[in-house]
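Peer 1: The structure under discussion is supplied below as C-alpha cells; questions concerning it will follow.
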Amino acid sequence: MRKNNSGMEILWKKLVRDKYLILMIVPAFIYYILFKYVPMGGLIMAFKNYSPGRGIFGSPWVGFKWFSEFFSSMYFGRTFRNTLLLSLYELIFGFPVPIIFALLLNEIRTLKFKKLIQTLSYYPHFISIVIVIGIMNDLFSANTATMGLVNRLLEFSGVSPIAFMADPKWFRTLYVGSGIWQGLGWGSIIYLAALAGIDQEMYEAANIDGAGRFKQLWYITLPCLIPTIIILLILRMGRVMNVGFEKVFLMYTPLTYETADVISTYVYRRGIVDAQYGYGAAVGLFNSVINFILVISVNQISRRISETSLW
C-alpha cells in the first residue's frame, strides 16, 4: 500500500509540475479523439446499405457487396492505376528535391543570402491550392483571347499552342511539377534542422585530413542525414494512396479523367454526389488498408536493413 501511495504521490507531483505542458496537449488530444478516432465508428457503413433515415446502426448489412462491386467496376483499374502512378511520380521526382535543396542551402556560406533563398522558397507553401490552380490556368491557357505565358512563348518559338490543362498526357506532369514547386522550401526545413545538428568537429577533422567539400558531403553529411530521410520516407509511404483530393478535383475535367481520376475523386462522385455512402465508405476503407499495409511493410524492411524505423 505504501508503494502504491508513493507511486500515486509521484504521479500527482509530476502532473502538478507539468500542468501547463499537459494543458497545451489537451486541445490536440481532443482534436484527435473527436475527428480521428470517433469517426472510425462510421467504417461499418462500408458493410451496410446506409440510409440517412435509418442511421448507421439501423441500416441493413450487405457484407462485402460494395467491395465486390468496386473491384469488378470498370473504374477500379483506372482509379487505382492513376492514384498509384501519381504517388510514385511524386515519390520519385518530388521526394529527393527538398533533400537536394537542403544540401545546396547548407553549402551557402553567406548567411544573408542563405536566409533570403530560404524565405523565398517557403512562400509557395502558403499559397492556397485554389490560387495555385488559378495561376496554372493563367500560365498554361490555350485560349486565343486569354492565351497564357507558356503558350505565347511556344507560339513565339513557332510551336502551336498546347491545351495543357485539357490534355490527359500533361496532367501528371503539371500535378507533380506544381507540387514540387509548392513544397520545395517547406519540405527542406526538417532536413536543414538535421544538418544543423551534425557535429562540426567532424568537418574540421575531415578538412585537416585533406577531404574536399564533395568528400565531406559524401562521407559525413549524407550518412548523418540518412536516418531522417528513412523516417520521412516511411511516413510518406503511408500516404501513397492518398493523392490530394482538392488539387486533383480543381485540376481535372471530364477530358482528363483518363489520367486524372483517382480513388479520392471517385469516392466523392459515387459517395457524395450519387449519395451511395456505403459504396464510398468501402472504397475509402480499401484505400486506408493499402496505406496501412505499405507503412507496416516499409517499416519492417527498414528495420531489417538498417537500425532506423518508426517502431
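The values are calculated or read from the model by the stated rules, or taken from the named source; none is laboratory data. The shown structure was predicted, so the numbers you read here are calculated from the model rather than taken from an experiment. As a convention, Cβ positions derive from the backbone with ideal geometry for all residues, glycine included, and neighbour counts pool all protein chains shown. Heavy atoms of the whole protein, side chains included, go into the accessibility calculation; ligands, DNA and RNA do not. Shrake-Rupley method; radii C 1.70, N 1.55, O 1.52, S 1.80 Å.
Peer 1: When you scan region 27-45, do you find a residue that is in contact with a Ser or Thr (Cβ under 8 Å, 6 or more places away or on another chain) and in contact (Cβ under 8 Å) with a residue 24 or more places away in the chain, even just one?
Peer 2: Checking region 27-45: at least one residue is in contact with a Ser or Thr (Cβ under 8 Å, 6 or more places away or on another chain) and in contact (Cβ under 8 Å) with a residue 24 or more places away in the chain.
Peer 1: Could you list all residues from region 87-113 that are of a type in the set (K, R) and either at pLDDT 90 or above or within 23 Å of N287 (Cα to Cα) (or both)?
Peer 2: Listed by number, the list holds a single entry, K112.
Peer 1: So which residues in region 277-307 are outside any helix (DSSP H, G or I) and either open to solvent by less than 50 Å² (accessible area, probe 1.4 Å) or of a type in the set (K, R) (or both)?
Peer 2: Within region 277-307, just S306 meets the criteria.
Peer 1: If we keep just the residues of region 33-52 that are of a type in the set (F, W, Y) and open to solvent by less than 90 Å² (accessible area, probe 1.4 Å), which is nearest to A282 (Cα to Cα)?
Peer 2: Among those that are of a type in the set (F, W, Y) and open to solvent by less than 90 Å² (accessible area, probe 1.4 Å), it is F47.
Peer 1: Now for a separate question. Can you find a residue that is surrounded by 14 or more Cβ atoms within 10 Å (Cβ to Cβ) and within 24 Å of the chain's Cα centre (by Cα) anywhere in region 138-150?
Peer 2: Within region 138-150, not a single residue is surrounded by 14 or more Cβ atoms within 10 Å (Cβ to Cβ) and within 24 Å of the chain's Cα centre (by Cα).
Peer 1: Show the residue pairs that are 6+ apart or on different chains and have beta-carbon atoms under 7 Å apart, the first residue being within region 249-267 and among the aliphatic types (A, V, I, L, M), the second being open to solvent by 20 Å² or more (accessible area, probe 1.4 Å) and in a loop (DSSP other than H, G, I, E, B).
Peer 2: A260/Y252
Peer 1: I would also like to ask the following. Determine whether region 76-98 contains at least one residue that is in contact with a Ser or Thr (Cβ under 6 Å, 6 or more places away or on another chain), under 20 Å from Q182 (Cα atoms) and touching a residue at least 60 places away in the same chain (Cβ under 8 Å).
Peer 2: Checked against the condition, which is being in contact with a Ser or Thr (Cβ under 6 Å, 6 or more places away or on another chain), under 20 Å from Q182 (Cα atoms) and touching a residue at least 60 places away in the same chain (Cβ under 8 Å), region 76-98 yields at least one hit.
Peer 1: Exactly one of (1) part of a helix (DSSP H, G or I); (2) more than 30 Å from V62 (Cβ to Cβ); (3) not acidic (D, E) is unmet by A211. Its number?
Peer 2: (1)
Peer 1: Just a yes or no: is a residue in region 205-219 touching a residue at least 12 places away in the same chain (Cβ under 8 Å) and in contact with a Ser or Thr (Cβ under 9 Å, 6 or more places away or on another chain)?
Peer 2: Scanning region 205-219 turns up no residue that is touching a residue at least 12 places away in the same chain (Cβ under 8 Å) and in contact with a Ser or Thr (Cβ under 9 Å, 6 or more places away or on another chain).
Peer 1: Would a scan of region 107-119 turn up a residue that is under 24 Å from T253 (Cα atoms) and part of a loop (DSSP other than H, G, I, E, B)?
Peer 2: Taking every residue of region 107-119 in turn, none turns out to be under 24 Å from T253 (Cα atoms) and part of a loop (DSSP other than H, G, I, E, B).
Peer 1: Scan F80, F93, F67, F57 and give me the residue that is among the aromatic types (F, W, Y) and either over 28 Å from D261 (Cβ atoms) or not in a helix (DSSP H, G or I) (or both).
Peer 2: Unique residue meeting the criteria: F57.
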